[in-house]
1. Quick one: which residues, 5+ away or cross-chain, put their amide H under 5 Å from the amide H of B:K119? H built at 1.01 Å from N.
2. Counting other C-beta atoms within 10 Å, which of B:H14, A:H122 has the fewest, and how do the rest follow?
3. With a 10 Å Cβ neighbour count serving as the proxy for reagent exposure, in which order, fewest first, do A:D146, B:D95 appear?
4. Which whole number gives the average count of other chain Cβ atoms within 10 Å of the Cβ atoms across peptide A:141-149?
5. Which residue, A:K189, A:K200, A:K325, has the most motion in a Gaussian network model of chain A that connects Cα atoms within less than 10 Å?
6. Add +1 for every Lys or Arg and -1 for every Asp or Glu among the other residues with Cβ under 10 Å from the Cβ of A:R15, and state the total.
7. Name the shape class, rounded, prolate or oblate, that the alpha-carbon gyration tensor gives for segment A:188-330, where a ≥ b ≥ c are the square roots of its eigenvalues, rounded holds for a/c under 1.5, and otherwise prolate holds if a/b is larger than b/c and oblate otherwise.
8. Of the listed pairs A:K193/B:K119; A:K196/B:K26; A:K196/A:K262; B:K119/B:K159, which have alpha-carbon separations greater than 24 Å here?
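Bear in mind that the values in this text are calculations on the coordinates, not laboratory data. In this text, all values refer to a predicted model and were calculated from it rather than measured experimentally. Every residue, glycine among them, receives a Cβ derived from its backbone with ideal geometry; neighbour counts consider all protein chains shown.
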Amino acid sequence: MNLDRLLPNLGEWLRGAGPDVDTVVSTRIRLARNLRDFLFNTRANATQKAEIETRVCQAISKAKLNPRLDYISVQELGNLDRLFLVERQLISRELASTQEGPRGVAFDPRESVSVMVNEEDHLRIQVMRSGLALQEAWQEIDQVDDELEMRLSFAFHERFGYLTACPTNVGTGLRASVMLHLPAMGITKELEKLFKSLQKLKLEVRGLYGEGSRASGDLYQISNQVTLGRSEPELLHDMLEIIQNIIAYERKMRQKLLQERKQAEQDRVARAIGTLTNATMITSEETMELLSTVRLGIHLGLLNDLPQTIVNQLFIHSQSAHLQKLVQRALNPEERNTARANYLRDRLRDLGTKR
Amino acid sequence: MNKCSHCGQPATIHFTSLVGTQKHTKYLCEACAREEGITGEIPLAEGGPLNLQTLVAMVLSSQPPQPQTEHLRCEACGMKYVQFRAEGRLGCSHDYDAFAAGLVPLLERVHSDVAHCGKVPRSLRARSELEQLELELHRAVTEERYEDAAALRDQLREKEQQP
């Protein structure tokens, strides 16, 4: 499979078409599963992993999935291609670099359904949707899980549920993550409060890229911590309620920004566009910050001629591996900063953005 | 789930104290624990929000070594419980039973509950439906509800014949 053909596509989670896209970038649900008759990947050797890979791939190719999933061996990929898949959220960094031996990922052309093979667990089924779509994503992943289970034997315990390598995943094996864009809460310094309350509610918060309390690009991934002792619909329902509260709050903060500092925000947005359109070198951190401002500007109605999908496209193509694939050669960090600036400039000038 | 020894609410904190050679154990809810001066709070990892691997490591390291679990070993994969405590990951499906003594408190800490009540694999779903029907049939016979028993017996026969 030539991964370059994925370049022009945005991938499901960046499609920008789902519900609540003004605040919710994407929804992702993942199920962890292991085959009953094999050691976990902490102890399985390469031969066993190859056998696991074969069985899972057979099950995937025979399963009634629409659209079909195509498998690619990550073990056989070079570093750049692996990073490319990480950037598209199709594989984790763990599968790309930490795990060893036969492993890979199967995914559909829309990059909405994927199955990682031989990551921390034998299978990691994943469904991604644009916007807030926990119920829809669950329905789809439930079916994929059923289809695969008909052709494989999953490790399951009456008391502990689906068995996983790490006890933090045992039971339902379900990790639901919602990626939120919370620039207004960042500006008004409401984030610390949010994190504390989320911790009490047993929800995990992580910046998409970067460390510290204000994440790069104001993008936050909120996931459930609990996987055992509650049913899947209950877990998702609980999460949904909390996410809806956060969304409402962010929207309130945005309105506050508009009321109290419209001109200042307008200026910030204009400067962001200005830098993105004119810089000759730019880091990915700065790009993320500026794109966050632009994304906010669009949803505050301060930028009417730039569709959000363009922002998503700029976002993904300015990532390190994507950039190198676009220019078709490897780049060192400094060259990347130049290539990134060139790409952004060209793209935005093509659009002829008016202010 | 255990109940708080002070107020009877669900207890999320299992507090063990060693006074000399005397070991005292009690179950507390968060509110009563705070009153006792036991915070039970996991400090945020440096650099920002908590992630799950850190959580497992912290819970494992904050638990005192449990004497009755030190020697545990899984026959199927050879993993020792102490290795799991060091690595944070298990070796095979059988570890869950082999290490239950140590895992159950950990699972309570992370998930607040230890009984799975979610999805069941389809192949096992059928089996437990049969078991459920058998149970009800037995109950009906014991209670001399013979009509119910007959209906259940027919249902059972039907289900058993299904692939």
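1. Answer set, sorted by chain and number: A:E232.
2. Details: B:H14 15, A:H122 30.
Exposure proxy ranking, most exposed first: B:H14, A:H122.
3. Details: A:D146 14, B:D95 27.
Going from least to most buried by this count: A:D146, B:D95.
4. Taking all residues of A:141-149 together, the mean is 1.
5. A:K200
6. Details: positive: A:R110, A:R129; negative: A:E12, A:E111.
Local charge sum for A:R15: 0.
7. Oblate is the answer for segment A:188-330, as a/c is 1.5 or above yet b/c matches or exceeds a/b.
8. Values: A:K193/B:K119 34 Å; A:K196/B:K26 27 Å; A:K196/A:K262 30 Å; B:K119/B:K159 20 Å.
A:K193/B:K119; A:K196/B:K26; A:K196/A:K262, as the Cα separations exceed 24 Å there.
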